[in-house]
């Protein structure tokens, strides 16, 4: 109701085209990739014909998508954006960051329950420090950027914290205490609070105002794909390790 009253209505008289073929091929490629990652090592062996075929067809869909986008009148993702180094680097970083974020959210509670031996009631709240630190670090980094206009050093600091936090999470074992888990989650939250809005801002400032919508949409898309792929990969690794270690 609020949006219907406050959002302006933009009327366009020119006829716009929709990249239906690009949408269909992109969707098919993503589905094939996710199926390969989810089924590989659990339902089927990694070197099975089905899994190899899924990866091959996913790659074919990716190449087909690039070809379609290069010819489309109004492509889903304009390929000329990747000529800008800020855009390309930011896309890669947001993809990897999303993999780590959603992988952490999905599997840290499972690790705390299955390895450390805590209950579900105790494992869930361990994500709360990460969420709170995301809010705090996002607010602080936003103020720094707005007052100084500089963001490169913040990106370096944020990614360094993420690397340290992920390393500390990787060495957790049955003797790890809740305090150490909270510490690691705070480090991850500090990174996410800084980097998630920072690279979006960097991309938006690297292009003219008229292209803000065009450049912002791919950043959100690759972040979403990164989170999906990250959860699928980590789930596959966990299932494979459970089968071999138990």
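List of remarks:
- Residue in the stretch 73-88 that is surrounded by 13 or more Cβ atoms within 10 Å (Cβ to Cβ) and over 26 Å from residue 218 (Cα atoms) present: no
- Residue count for the stretch 71-88, restricted to those that are free of Cβ contacts under 8 Å to residues at least 12 places away in the same chain and touching a helix residue (DSSP H, G or I) at 6+ places or on another chain (Cβ under 6 Å): 2.
- The set of residues in the stretch 116-133 that are closer than 13 Å to residue 178 by Cβ and either in contact (Cβ under 8 Å) with a residue 12 or more places away in the chain or crowded, with 17+ Cβ neighbours inside 10 Å (or both) comprises 116, 117, 118, 122, 123, 124, 126, 127, 129.
- Hey, residue 214 loosely packed, with under 14 Cβ neighbours inside 10 Å and in contact (Cβ under 8 Å) with a residue 24 or more places away in the chain or not: no
- Screening residue 144 with (1) surrounded by 14 or more Cβ atoms within 10 Å (Cβ to Cβ); (2) in contact (Cβ under 8 Å) with a residue 12 or more places away in the chain; (3) outside any loop (DSSP other than H, G, I, E, B) gives one miss only, at (2).
- Checked across the stretch 5-24, the condition of being within 27 Å of residue 198 (Cβ to Cβ), touching a residue at least 12 places away in the same chain (Cβ under 8 Å) and either touching a helix residue (DSSP H, G or I) at 6+ places or on another chain (Cβ under 8 Å) or surrounded by 14 or more Cβ atoms within 10 Å (Cβ to Cβ) (or both) holds for no residue.
- Selection status of residue 110, in contact with a helix residue (DSSP H, G or I) (Cβ under 8 Å, 6 or more places away or on another chain), surrounded by fewer than 19 Cβ atoms within 10 Å (Cβ to Cβ), closer than 30 Å to residue 186 by Cα and modelled with pLDDT under 85: yes
- Entry remark, the stretch 167-191: residues being farther than 23 Å from residue 155 by Cβ and without any contact (Cβ under 8 Å) to a residue 12 or more places away in the chain number 4 in total.
- Between 181, 194, 231, 203, the distinction of being closer than 23 Å to residue 109 by Cβ, assigned to a helix (DSSP H, G or I) and under 17 Å from the mean Cα position of the chain (by Cα) belongs to 231 only.
- Filtered residues of the stretch 147-173 (kept if farther than 23 Å from residue 185 by Cα and assigned to a helix (DSSP H, G or I)): 147, 148, 152
The values are calculated or read from the model by the stated rules, or taken from the named source; none is laboratory data. As the structure is a computational prediction, the values presented were derived from the model and not from experiment. Positions of Cβ are backbone-derived with ideal geometry, glycine not excepted, and every protein chain shown enters the neighbour counts.
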